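Report on one structure; see the data block that follows.
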Amino acid sequence: MTIYLDSHLSDAERRRRLYAGDVFLYSPRPATRALTEFARELIEEAFAPLDPQHAQHALPVERFVEIVAPLKPRFIHHPRTRELLLALLADTGVDMTQTYFDVPRMRVATSNNYLNAGVAYVLHPHRDIWYSSPPCQINWWLPVFEFESESSFAFHPQYFDQIVPNTSGDYNHYEWNRVGRAQAAKEIKADTRKQPKATVPLQLKPDVRIVCPPGGMLMFAGAHLHSTVPNTSGRSRFSIDFRTAQHDDLAAMDGAPAIDRACTGTTLFELRRASDLTPVPEELIRLYDPNPPANREGVVFTPQGAGAATSGGGM
Ligand SMILES: [Fe+2]
């Protein structure tokens, strides 16, 4: 696995290397800073007068959840968020007419087991492609505040092209969305949905963690095995992430190795084209799900939907 810092490579070459397991790291630049600074403003506003990174030490956990639960959809659906995300995509050299993206998520990883469920679910080792995303999915990840190795997430590169027996066969993306929507409606805080997991013990050390300043950015294949590091930094970690998939790679069913996925359904209904916000064409979707649900109301996540606060395969 190679880590490229501030690479000069074209988007096509970058994607080729991402699909081979390499990671692209970017120093803070105006477009990435603008998105993370906007997220920081919303976070600070929600926790005021407390410092968001230390608020967990001053608040009962129920109050912390009350603050974070509406904060996440506020960020996700804010018109300014999409504006800044599109500006970031254009700035990193992707072809906007060929690139599909989903809404960005906001994650919080609290320290010392303060909160590990629901709004702050700690992700066990997983590949995003176990959650019905296409092998060409690229993950984009940006920290909002300074963070440390002990509040980061970890790559397990030795598994990139090695089969990991897992329960993705039990995962159907539409069922996931349907249950999540029902839970959101009932205001159930803990997420009891069955997550795709490895069924064999994994060798998780040594791992690779990448620490960058706020406004820095990581790009990696959604097929990479990765996990949240149990946060022992003493501070809550806030980050944002989103996914993209490129038109020609979708059409060619190209991308990273998909050697151990058995999930059904597809996330592609959730993506929009960067240039004009049109959905992924039906003929491309059918390559990934030959029998998409006839009635998508209630089973397909829409960026306006109630399920926006939770999503499969975060970090
Ligand atoms: Fe993930």
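The values are calculated or read from the model by the stated rules, or taken from the named source; none is laboratory data. No experiment lies behind these values; they were computed from the predicted model shown. Neighbour counts run over all protein chains shown; Cβ positions are idealised from the backbone, glycine included. Ligands, DNA and RNA are excluded from the accessible area calculation, which covers all protein heavy atoms including side chains. Shrake-Rupley method; radii C 1.70, N 1.55, O 1.52, S 1.80 Å.
When you restrict to C-alpha pairs under 8 Å that are six or more residues apart and normalise by the size of the stretch 61-130, the relative contact order lands at 32 percent. Solvent-accessible area of the chain (1.4 angstrom probe, protein heavy atoms only): carbon and sulfur portion equals 53 percent. Only the Cβ atoms of Lys and Arg (+1) and of Asp and Glu (-1) were treated as charged; on that basis the dipole of the chain about its Cα centre amounts to roughly 560 debye. Legend: calculated FRET efficiency, THR232 to ARG63, from the Cβ-Cβ distance at R0 = 25 Å, rounded to 0.05, equals 0.65. A simple spin-label model places the labels of HIS78 and THR2 3.7 nm from each other, with each point 7 Å out along Cα-to-Cβ. Each part reduced to its alpha carbon centroid, the stretch 66-86 and the stretch 202-280 end up 19 Å apart. If you run the Gaussian network model on the chain, springs between alpha carbon atoms under 10 Å, then out of GLN53, GLN137, GLN162 the most flexible one is GLN162. Summed over the residues of the chain and divided among them, the accessible surface reaches 41 Å² per residue at a probe radius of 1.4 Å. Structure remark: mean-square fluctuation, Gaussian network model of the chain, C-alpha springs under 10 Å; the largest value among PRO49, PRO292, PRO230 belongs to PRO49. Between GLY169, PRO104, THR266, the Cα set farthest toward the positive side of the dipole of the chain (charges on each charged residue's Cβ, about the Cα centre) is that of GLY169. In a fully extended conformation the segment linking ASN112 and ARG193 would gain 26.8 nm over its present Cα-Cα distance, using 0.36 nm per residue. Shown here: the chain, whose C-alpha atoms stretch 51, 45, 44 Å along the first, second and third principal axes, sorted largest to smallest. Residue ranking by accessible heavy-atom surface, 1.4 Å probe, largest first, among ASP249, ASP254 comes out as ASP254, ASP249. From a point 7 Å beyond the Cα of GLN158 in the direction of its Cβ, which residues of the stretch 191-207 have a backbone N at a distance under 14 Å? Residues 201-207 qualify, since their backbone N sits under 14 Å from the label point. The aspartates and glutamates whose alpha-carbon is closer than 19 Å to the alpha-carbon of LYS72, local same-chain residues fewer than 8 away aside, are GLU37, GLU41, GLU44, GLU45, ASP51, GLU62, GLU83, ASP102, GLU187, ASP191, ASP241, GLU270. Taking the chain as a Gaussian network of alpha-carbon nodes connected by springs under 10 Å, the highest mean-square fluctuation of the residues ILE129, ILE240, ILE67 belongs to ILE67.
Once the Cβ-Cβ distance of ALA48 and GLU283 is raised to the sixth power relative to R0 = 45 Å, the FRET efficiency obtained is 0.40.
The length gained by stretching the chain between GLU13 and ASP170 to full extension, at 0.36 nm per residue less their Cα-Cα distance, is 53.1 nm.
In this structure the amide hydrogen of LEU271, modeled in the peptide plane, comes within under 5 Å of the amide hydrogens of VAL280, none closer than 5 places in sequence on its chain.
In the stretch 5-149, the C-alpha radius of gyration followed by the widest Cα-Cα span (Dmax) gives 16.8, 48 angstrom.
Placing R0 at 25 angstrom, the Cβ-Cβ distance between LYS205 and ALA20 gives a FRET efficiency of 0.60 after rounding to 0.05.
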